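To start, the structure under review is shown below, and the notes come after it.
Please treat every number below as a calculation from the coordinates, not as lab data. Quantities reported herein were computed from a predicted structural model and do not represent experimental measurements. Glycine gets a Cβ as well: all are built from the backbone with ideal geometry, and neighbour counts include every protein chain shown.
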Amino acid sequence: MNTNIKYFILLLLLPVLSGKAFSQIGGLSGSKLISYTVDVVDDKKIEFEPAFYHFSSSQYWDADGNLQNLYSTPDSVRNATGMGFRFTYGMFDKLEIGMSFSTDFSMSAFGIRYIVLQKKKSAIALMGGLNLPLGNNTFDKRVRLAENTPATGLGAVASFNFSQNLSLDVNAQYMFFLSNTADNDKGKISLSADAGYYVFDHTLQFVAATGFSSIKNTTGNHMVLTFDPGFTVETGKNFIIVMGFPFDVYGKNEAKNRGFTFALTITFD
């Protein structure tokens, strides 16, 4: 089997890091694009968020970080489109719990976040989560893949308010499988930072986000660096519109993706 075919099979088996909401801690609220914020859902309120994503790819980075064509002809492209739902409940002033589901309920994610420090211009929170593949396919129980193996993780969130309009959220996460996978996955490290600036009396926020993900297994090191510009619209009292346009800028053993994301966050008392 030649090298290109090996990489093609590998990329089909790997999840799209920038497009899979269930490859990180899920079920939690956020105010920007990639990173969570320290602030939790208000006490005794609930957020409901339908979200949609679309990604396309025609190239991949090999083990040396060089771009290669994913297919033998340049007119071929791989598309990945999906949708999910999130429910997040504010239990106390400093604690929220939540869950996320894919539309076909094949994947689920449960998360919790607690604020450990909150000052006027900075704050820190801790979070944890459990991702459970429910499944709508036939699996060989003897072969543990990422698609059918539960995973758990921990993370930290830091938020900084430089002014009334300018803020920054920084996240660090580590996810690992609860059982050994067929490719001996060592766990996933995710780092991200989102900067946001409000205009028009806090009704429109421009966001610049970046995210980095790294996985190591028997097939090698896999990493991808993503830039995600976008915006949020907060003209209503109980809803927020979130739009992002992520694209990968560097990676190893990963497809180069670009696309867009859309989410509508609705708050219920």
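A count restricted to segment 103-116 and to residues that are in contact with a Phe, Trp or Tyr (Cβ under 8 Å, 6 or more places away or on another chain), surrounded by 19 or more Cβ atoms within 10 Å (Cβ to Cβ) and over 15 Å from Pro150 (Cβ atoms) stands at 1. In segment 227-246, the condition of being over 23 Å from Gly84 (Cα atoms) and either of a type in the set (A, V, I, L, M, F, W, C) or surrounded by 15 or more Cβ atoms within 10 Å (Cβ to Cβ) (or both) is met by no residue. The single condition from (1) buried (at least 21 other Cβ atoms within 10 Å of the Cβ); (2) closer than 23 Å to Leu28 by Cβ that Gly251 fails is (2).
Among the residues of segment 42-56, is there at least one that is touching a residue at least 12 places away in the same chain (Cβ under 8 Å), touching a strand residue (DSSP E or B) at 6+ places or on another chain (Cβ under 8 Å) and under 18 Å from Val157 (Cα atoms)? For segment 42-56, residues touching a residue at least 12 places away in the same chain (Cβ under 8 Å), touching a strand residue (DSSP E or B) at 6+ places or on another chain (Cβ under 8 Å) and under 18 Å from Val157 (Cα atoms): present.
Does segment 213-227 include one or more residues that are within 24 Å of Glu47 (Cα to Cα) and touching a residue at least 12 places away in the same chain (Cβ under 8 Å)? No, segment 213-227 has no match at all.
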